[in-house]
Amino acid sequence: MPYDTPNDPDQLRTWLLGAARRDARAFQALYAATSPKLFGFALRILRKHELAEEALQDAFVSIWHAAGTYQASLAAPMTWMAAIVRNKALDILRRAGNAPDIDAAQFDVEVMNNIEDTGPGPAQSLQASTEARALAQCMAALERAQRQAIGLAFFHDLSHSEVAQQLALPIGTVKTWIRRGLAKLKTCLAREGL
């Protein structure tokens with residue numbers, strides 16, 4: 001099976017369907033095509049090679065078992081698998097008692113690196129790149145506490161109570177930081193024409 005098109009959503013969907021039918025060859029092809037990118041994603045979150053390997057292994061076990069629940073109408077295959085990897089990486093951080101820290105430079109890199117390449121034309125690529133840079137610049141303009149709370153809530157997909165737990169703060173404080181930060185982001189993005 002060719003592994004040279006890891007970002008081809010149709011091919012990834014085909015392999016996921018095969019995995020749902022317990023086709024080990026399809027799962028092996030899916031792993032070979034996507035594991036390098038997903039490992040890099042886990043490594044950016046965890047910053048330790050062995051922890052990223054653990055997250056990737058746990059994620060692919062989950063992907064194997066949950067392949068039958070994948071719904072193409074809800075997410076692209078790489079987006080769905082990246083969410084599983086992210087959740088496994090965050091579980092590892094939580095078990096270790098470490099709160100993920102979001103800073104503007106890292107956020108910019110994460111956003112730019114994780115925009116899925118589904119073959120848009122040059123105009124769409126330029127627009128997406130412009131929007132990502134504007135978002136990163138507006139995030140950088142926020143106070144560190146607001147940036148971290150918003151990053152945990154939206155980039156790491158944590159609930160307000162999980163953010164409060166990670167930051168060891170009252171939930172009301174976290175909700176206020178997120179609400180005010182989102183208002184500032186909205187104003188900043190409007191100035192950028194987005």
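Pull up segment 16-32, narrow it to residues that are in a helix (DSSP H, G or I) and open to solvent by 10 Å² or more (accessible area, probe 1.4 Å), then point me to the one that is nearest to Met81 (Cα to Cα).
Of all residues in segment 16-32, those in a helix (DSSP H, G or I) come to 16-20, 24-32.
Within this subset, residues satisfying the condition of being open to solvent by 10 Å² or more (accessible area, probe 1.4 Å) are 17, 20, 24-25, 27-28, 31-32.
Details: Leu17: 14, Ala20: 14, Ala24: 17, Arg25: 18, Phe27: 13, Gln28: 15, Tyr31: 11, Ala32: 13 Å.
Out of the qualifying residues, it is Tyr31.
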inquiry  = Against the condition surrounded by 17 or more Cβ atoms within 10 Å (Cβ to Cβ), within 30 Å of Gln166 (Cβ to Cβ), modelled with pLDDT of 85 or more and in contact with an Asp or Glu (Cβ under 8 Å, 6 or more places away or on another chain), how does Lys37 come out, does it pass?
reply    = no
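Residues being touching a Phe, Trp or Tyr at 6+ places or on another chain (Cβ under 9 Å) and crowded, with 21+ Cβ neighbours inside 10 Å: count how many of those fall in segment 143-162. Full working, then the answer.
Initially, segment 143-162 is screened for residues touching a Phe, Trp or Tyr at 6+ places or on another chain (Cβ under 9 Å), giving 143, 145-151, 155.
If we keep only those that are crowded, with 21+ Cβ neighbours inside 10 Å as well, we get 146-151.
Total satisfying the criteria: 6.
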If you go through Leu46, Leu30, Leu56, Leu17, the only one that is closer than 26 Å to Leu158 by Cβ and out of contact with any Ser or Thr (no Cβ under 7 Å at 6 or more places or on another chain) is Leu46
Leu74 fails exactly one of (1) free of Cβ contacts under 8 Å to residues at least 40 places away in the same chain; (2) part of a helix (DSSP H, G or I); (3) open to solvent by 60 Å² or more (accessible area, probe 1.4 Å), namely (2)
Of the residues in segment 135-194, those that are under 23 Å from Arg86 (Cβ atoms) and either among the hydrophobic types (A, V, I, L, M, F, W, C) or not in a helix (DSSP H, G or I) (or both) number 28
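The values are calculated or read from the model by the stated rules, or taken from the named source; none is laboratory data. In this text the structure is predicted, and so the values were computed from the model without any measurement. Ideal geometry is used to build each Cβ from the backbone, glycine not excepted, and the neighbour counts take in all protein chains shown. Surface areas here come from the heavy atoms of the whole protein model, side chains and all, with no ligands, DNA or RNA. Shrake-Rupley method; radii C 1.70, N 1.55, O 1.52, S 1.80 Å.
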